[in-house]
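**Q** After the structure tokens below, expect a handful of questions from me.
The values are calculated or read from the model by the stated rules, or taken from the named source; none is laboratory data. These figures come from a predicted structure and were not determined experimentally. Every residue, glycine as well, gets a Cβ built from its backbone with ideal geometry; the counts of neighbours run over all protein chains shown.
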Amino acid sequence: MEKEAQRMANTFTTSYPLIGADYKQQKTRIPIILQNQGISANGFVQLAPKKSQFYTTPPQYFDSHDWLNNLTVHELRHVAQFDKVTGIKGYPFPEEIHFAYLGSSIPTWYLEGDAVLTETILTNSGRGRQPNWIMPYRASLLSGKKFSYSKAYFGSDKDQTPGYYQLGYLLVSNLREKFGKDINDQLLTDINQRPLRLYPFSSSLKKITTFNTNHFYQETSATLKQQWQKQDSLTNSKSYSLSNRKSNFASDYFLPAQISKQYILALKQSKAETSKFVLIDSVKNERTLFHIGYQEQPWFSYANHKIVWDETRYDPRYKQRSYSVICIYDFQTKKKRQITFKSRLFAPSLSGNGEKLIAVSIDKSNRSELVFVDLNSGKLITAFLNNENDILQTPALNFDGTEISWISVSEQGKALWLKNLDGKTEKVIDYTRAQLSRPVFSNRQIAFNAHYNGIDNIYSIDPQNKKIVALTAAKYGAFNPTFNHNKNSILFNLYTEQGYQIAETPLETLPLQENHFVYFAQTAQNQENIHPIFENIPDSTFKSKPYKAFFHTFNLHSLTPTTDEKEKIGLELRSNDLLNTTSLYGGASYNTSLKRFEYSAGLIYKALYPVFSVNFTNRPRTQFYRYKNQINQANWREDYINFKVNLPLSGSYLNHNYGINPEVSTYYVKRFFEPKEQGVLRDAVKFPMKYRLNLSHSLRMAQRDIAPRFGQNIIVQYLNQPFDKTLKGELFSFESYFYFPGIAKNHSAMISFNYQNESGIFNGSTEIQTVFGYSQIKAKSLLKNSLLFNYRFPFLYPDLEIGPLAYIRNVRATLFSHYENFGTETNLSQPKTYGFELRSDMNLLRYQPIVDLGCRVIFVNKIYNQNPIFELLFNYSF
């Protein structure tokens, strides 16, 4: 990446003063990592430690300019936002606190929307210029759907919603139009000056504009609808009938292909199911063919009874290292195969006769090439030079594989190319800002997607005379054509308010229409009055030297308050190197129960294949003991040192995920007693050993799934005392969790059998999963086993906004019947506990973390003479 790193170093230093100008941020200090080991296309900025990471591999469907340039504007805008609120360098070590404050004071839609607006108005491209990017919101408004602010912001388990990037872009654009160029700086300045409020962003917005966030969202939605209705009235669109049945919730049927007179093949994704190939017959009945694994973007190619597609694979240990592999399915043999391994191949496409396969190869230096791939061995046959080093996207082959068409992307825009294998290469469409994508051969024509009329539609070009004609005139968007020349028709994706559906229309040419795209960033762009910022980047050479992780081990970034569930509060100083291979911490906490301080330090080292961790604690302890027929209380301090080595390995194949994690740990305790306890109580525990093995397998989970529909998780554990013969005892435990499909979609049944056998010093230990309510029921005997039955299912998706208090996404339930010491204390007719849970995922107080809130009612077997138990449940996740 040396060449790209030099280019980007020049780009960063030249562009940042323009990117941060309206926030009055002209200089910054932040490490930027160009991460080239994986195939994901992404970027982020973080605090704790402060850094930005660019995932350098460009995607197969994106904007009409250089990928790293786009990341530069977007991510450095986040840097400017962060610096505006927290400062370039804070003291003493406040980064985790700052990061938490940013998340709680500024909604994510603002941070991302402002960054998208900036990438749009400071360049010739940007997502704000793409109709398909804001298409879901446009389709929802024009189809009569009215979303609450919370639903538009946080999403839905049933409907297509704008997404907070799109929502934020439109809201921030409207802010700039109504309140001027300085509104962003005014908002963040006021938030910085008045930090201690429940809704800092909304309060500052109201102070400056008289709108709170909800009211401004409603006003913006009304403006958007009005302008989009005007666009709709100026654009001639056609109605198309669907070839698939409409679902009750958002579902996408990507890349439809007619594979016989009776069947259409499509790649289906929905909120209720993971990606799968489906066959749809002539009366719209749908049959699942098989599920597939994770893809960066939906893609497959069909020809002559074969399907090829790409999937993501991760290194078993290092998740920053990933690959894009090619898989194939043969309808005749009904076999699936992965034909490439540890490859970086994208958008594989078959020739019409199914005999040749072409794909885009992107190496770790970001060089793109078109390559032919052997269908049987997966070996690369031929590579075509890309002397300009443009980004190459979505290649296509004609029927016999003698011609190739593809899209190229550079800072000049996108271009459509045609190459004859005899040697002639021709630029069919010159560089343009139109969002060209996915060319397809149709006899001597090339069809492709573009937004010439302000809405994504399907067009065709004759390479001989360069004449472009329209093939569709969709209201919201049309994509991904395939041709049925026997019927003289075109099959394609028609976008509706419920996602990408399948439509068919006669193959006929339509006139090109005038572009009526509503460019919401126009006012903000006029306010900036800046030429595109990548026009005059210098070509300086910076000094380059290796990054030695060892010499950057100490990177202190945060002094963070800590608490635990019981009685300790404290402060912890934390350090992470920039590659996150070494984590260090040290701190002190106050034990409110014992009224004494506790000191701790630790290290986690993840650069090697095993993960090593060690932590040290000097802590106060207390214990009552009997001596000479008297009850005494001992108070002492002890040093506790814990060592652990584990090897977390995982992998995937199609929609199956696998994991194995062996672990070995031990600890040493040295106790410092008062003279009267010395010789009475044991002063040391010497390295008891713990061996643990976790094996797992599960199917990928869909958005609506509560638990895997099918999976297994087995945990085996053994504890003993090999180094201290005066302390005898051992413990063996076995845990198992088996998941099965329920009676309806997204239902999951779990059976768990768990066993432990302990002796000596381990008597009374609990190392296995217990019944619900275990800690509140007096035991009749030591725990030996447990048998658990859980049935989980969602039953309501209300998308209910209760003012600013809560947004309820779903309601779900669990029925359970749990047995303890099965075969002795309980039997199948008499569980120890049984009952139900009611839970809901929600966003509280319009904040981003998803809160899992609910209650559990536990009925106890009558032989324990225990009243029913009622538990409140609370969890949250980011």
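**Q** Can you find even one residue in segment 96-109 that is at pLDDT 95 or above and either outside any loop (DSSP other than H, G, I, E, B) or basic (Lys, Arg) (or both)?
**A** Checking segment 96-109: at least one residue is at pLDDT 95 or above and either outside any loop (DSSP other than H, G, I, E, B) or basic (Lys, Arg) (or both).
**Q** Still on this structure: Residue check: is ILE39 buried (at least 22 other Cβ atoms within 10 Å of the Cβ), more than 18 Å from LEU188 (Cα to Cα) and of a type in the set (A, V, I, L, M, F, W, C)?
**A** The answer is yes for ILE39.
**Q** Note down all Cβ pairs under 6 Å where the first residue falls in segment 466-485 and is farther than 15 Å from LEU507 by Cα, the second is buried (at least 21 other Cβ atoms within 10 Å of the Cβ) and among the hydroxyl-bearing types (Ser, Thr, Tyr), and they're at least six residues apart or on different chains.
**A** Pairs that qualify, where the first residue is farther than 15 Å from LEU507 by Cα and the partner is buried (at least 21 other Cβ atoms within 10 Å of the Cβ) and among the hydroxyl-bearing types (Ser, Thr, Tyr), are TYR476/TYR495; GLY477/TYR495.
Residues are listed down the side, and each one gets a yes or a no for (1) at pLDDT 95 or above; (2) aromatic (Phe, Trp, Tyr); (3) touching a helix residue (DSSP H, G or I) at 6+ places or on another chain (Cβ under 8 Å):
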{"residue": "PHE816", "(1), (2), (3)": "yes, yes, no"}
{"residue": "SER829", "(1), (2), (3)": "no, no, no"}
{"residue": "PHE836", "(1), (2), (3)": "yes, yes, no"}
{"residue": "ARG846", "(1), (2), (3)": "no, no, yes"}
{"residue": "VAL857", "(1), (2), (3)": "yes, no, no"}
{"residue": "ASN861", "(1), (2), (3)": "no, no, no"}
{"residue": "GLU871", "(1), (2), (3)": "yes, no, no"}
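**Q** Does TYR149 satisfy the criteria of being under 27 Å from GLU273 (Cα atoms) and modelled with pLDDT of 95 or more?
**A** yes
**Q** What's the number of the only condition in (1) surrounded by 24 or more Cβ atoms within 10 Å (Cβ to Cβ); (2) under 24 Å from ASP185 (Cα atoms); (3) not hydrophobic (A, V, I, L, M, F, W, C) that GLN160 fails to meet?
**A** (2)
**Q** Considering only residues of segment 463-504 that are assigned to a loop (DSSP other than H, G, I, E, B) and farther than 18 Å from ALA450 by Cα, which is nearest to the chain's Cα centre (by Cα)?
**A** Here the residue is GLN498.
**Q** Under the condition of being crowded, with 17+ Cβ neighbours inside 10 Å and not charged (D, E, K, R), which residue from segment 834-846 is nearest to PHE201 (Cα to Cα)?
**A** Out of the qualifying residues, it is ASN843.
**Q** Moving on. I'd like to verify a number: residues in segment 678-698 that are of a type in the set (S, T, N, Q) and at pLDDT below 95, how many?
**A** Result for segment 678-698: 1.
**Q** Taking segment 402-437 as the region of interest, how many residues are surrounded by fewer than 23 Cβ atoms within 10 Å (Cβ to Cβ) and either aliphatic (A, V, I, L, M) or part of a strand (DSSP E or B) (or both)?
**A** 19
**Q** In the list LEU815, LEU872, which residue meets the criterion of being surrounded by fewer than 18 Cβ atoms within 10 Å (Cβ to Cβ), aliphatic (A, V, I, L, M) and without any contact (Cβ under 8 Å) to a residue 24 or more places away in the chain?
**A** LEU872
**Q** Got a number for residues in segment 345-370 being in a strand (DSSP E or B) and either more than 33 Å from the chain's Cα centre (by Cα) or surrounded by fewer than 19 Cβ atoms within 10 Å (Cβ to Cβ) (or both)?
**A** Summing the residues that are in a strand (DSSP E or B) and either more than 33 Å from the chain's Cα centre (by Cα) or surrounded by fewer than 19 Cβ atoms within 10 Å (Cβ to Cβ) (or both) in segment 345-370 gives 1.
**Q** Considering only residues that are in contact with a Ser or Thr (Cβ under 6 Å, 6 or more places away or on another chain), outside any strand (DSSP E or B) and more than 24 Å from ASP252 (Cα to Cα), which ones fall in segment 696-741?
**A** Selection gives GLY729 alone.
**Q** Take the residues in segment 308-344 that are hydroxyl-bearing (Ser, Thr, Tyr) and part of a strand (DSSP E or B); name whichever of them is surrounded by the most Cβ atoms within 10 Å (Cβ to Cβ).
**A** SER324
**Q** A further question on this structure: Among the residues of segment 732-741, is there at least one that is at pLDDT below 90 and either surrounded by 15 or more Cβ atoms within 10 Å (Cβ to Cβ) or out of contact with any Leu (no Cβ under 9 Å at 6 or more places or on another chain) (or both)?
**A** No, every residue in segment 732-741 fails to be at pLDDT below 90 and either surrounded by 15 or more Cβ atoms within 10 Å (Cβ to Cβ) or out of contact with any Leu (no Cβ under 9 Å at 6 or more places or on another chain) (or both).
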